[in-house]
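K.L.:
Pasting a structure here, questions to come.
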Amino acid sequence: MKELKVDGNSNAALTQMAAEADSAPEGTTRRKFSLSINRAYTMVAALAILWLIFAVLTHSIFLEPRNFSNLIRQAAVTGILSVGMVMVIITAQIDLSVGSLVGLAGMAAVLVQVQQHWGLIPSLLTALVTGLVVGALQGWLTAYVRIPSFIVTLGGLLAWRGVAKGISSGNTYPVQVSWFRSLGQAYLDNTTGIVLMGMAVAAVVWIVVRQNAMRKRHAQEPWGHLGLILRIVFPVGLIVGFVLMLNAYSGVPVPVLIFVVIALAGVFITRKTPFGRYLYAIGGNPEAAKYSGINLRVHVLLAFAILGLLAAVAAVIYTARVGSAGPDAGTLLELDAIAACVIGGASLRGGRGTVLGACLGALFMVSLDNGMSLKNVPDFIQDIIKGGILVAAVGLDVVGKRRD
């Protein structure tokens, strides 16, 4: 690879990197972006097919409003973890400890309610600080001490579970603050859901129209009337159907609203900020990223810290939903989060993946669990199926990498 000329301006260096990548015969950068987009569309199609299959097998029980609401609410925890996990995976790192961290943060939040009689805000802050500190610590060990993230977080998987068992003496404690429980169990009323739906529809229309105007401004061919309509109708249809289905039961669950807000923030961070672009640069070509002036250590540490913080948010929702904190809470959630990212198009080699794909992957994994449970599929068969899907997703990634 040709060495980059660095003049102290990292943005200029990044521009040079992008120009060279675009002019390469292979068009590697463009193909990676196109592959991520194509995988997102593929995930939507796969999800629709999976829902249709389970709807037929369960005689439409799977898509009844009550089950659909429960499914979406369950997906919130895995989805929130996936938003943070995909940022770590993009940098070619991994975190195996988030399940244990969910258990630890949830236990810490409930113990301050039980033992210290603290209210909602101190309880939430305890969970968030716990997640942030643990995530930053693991990021520091990975980025600065240079211990492989697999080893750091594998140790964390055991250590944080042990801490949770130690501070709880192996006991399960109920959530005592009602407002805390509402974060995992409450629903928005139908009117609020309709208002949010209207805001989301207006946002979609504005974004599509603005993108079309930008294409004209940059001398690109604008979308025709049919293309413009399709780009508006498809997401608007999904939003309207989504909200109406949830309103048909009890309304939009609060955990789902939190998940959507976090997912949108994740999309913005990874697509519209220098930090997000740097994550892709670090995972795609760390040497080139280093020459361009990016501080690899700081950004890797920040990615782990963000994941730790989101693990704490997931812990609050998980603990509030079940109404108690146990020493074994969150077991195997790390595997669901990693599987969601990989199935959603992220590469374990780094440099590729999207928040949208990870969220769709999380919904796919939860749908698979829910549908198989409705059909009373034995646990061991469920594990075999999910493991096989994960291996197949990684295999597809490896095959795609070879073609690149």
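The values are calculated or read from the model by the stated rules, or taken from the named source; none is laboratory data. If you're wondering where the values come from, they're calculated on a predicted model, not measured in any experiment. With ideal geometry, Cβ positions are generated from the backbone for all residues, glycine too; neighbour counts draw on all protein chains shown. Note: areas computed on protein heavy atoms with side chains; ligands, DNA, RNA excluded. Shrake-Rupley method; radii C 1.70, N 1.55, O 1.52, S 1.80 Å.
K.L.:
How many nm separate the modelled label positions at TRP179 and ALA392, each set 7 Å beyond the Cα in the direction of the Cβ?
P.N.:
About 4.7 nm, to one decimal.
K.L.:
What's the longest bit of the chain with no exposed GluC sites (Glu not before Pro), using DSSP loop states and at most 15 other Cβ atoms within 10 Å as the test?
P.N.:
In the chain, the maximal stretch lacking such sites is 27-404.
K.L.:
Another question, if that's okay. If each residue of separation counts as 0.36 nm, what is the full-extension length gain between GLU221 and LYS375 once their alpha-carbon separation is subtracted?
P.N.:
Net length gain for the segment: 50.5 nm.
K.L.:
Counting trypsin sites (Lys or Arg not before Pro) as exposed when in a DSSP loop with at most 13 other beta carbons within 10 Å, what is the longest stretch of the chain free of them?
P.N.:
147-348
K.L.:
Any idea of the accessible area per residue across the chain, 1.4 Å probe, to the nearest Å²?
P.N.:
Result: 48 Å² per residue.
K.L.:
Report, in deg cm²/dmol and to the nearest 500, the calculated mean residue ellipticity at 222 nm for the chain, where each DSSP H run with n ≥ 4 adds -39500 (n - 2.57) and the sum is divided by the residue count.
P.N.:
-26000 deg cm²/dmol
K.L.:
What are the DSSP H helices in the chain that stretch 18 Å or more along their long axis, judged by alpha-carbon atoms, and whose average Kyte-Doolittle hydropathy comes to at least 0.5?
P.N.:
28-57, 65-90, 98-114, 120-143, 149-168, 190-217, 225-247, 254-272, 296-322, 355-374, 379-403
K.L.:
Need one value: the accessible area of ILE72 in square angstrom, 1.4 angstrom probe, rounded to the nearest 10.
P.N.:
10
K.L.:
Considering only protein heavy atoms and a 1.4 Å probe, what is the carbon-and-sulfur percentage of the accessible area of the chain?
P.N.:
The C+S portion of the solvent-accessible surface of the chain is 67 percent.
K.L.:
Report relative contact order for the chain in percent, whole number only (criteria: Cα-Cα under 8 Å, sequence separation at least 6).
P.N.:
This gives 34 percent for the chain.
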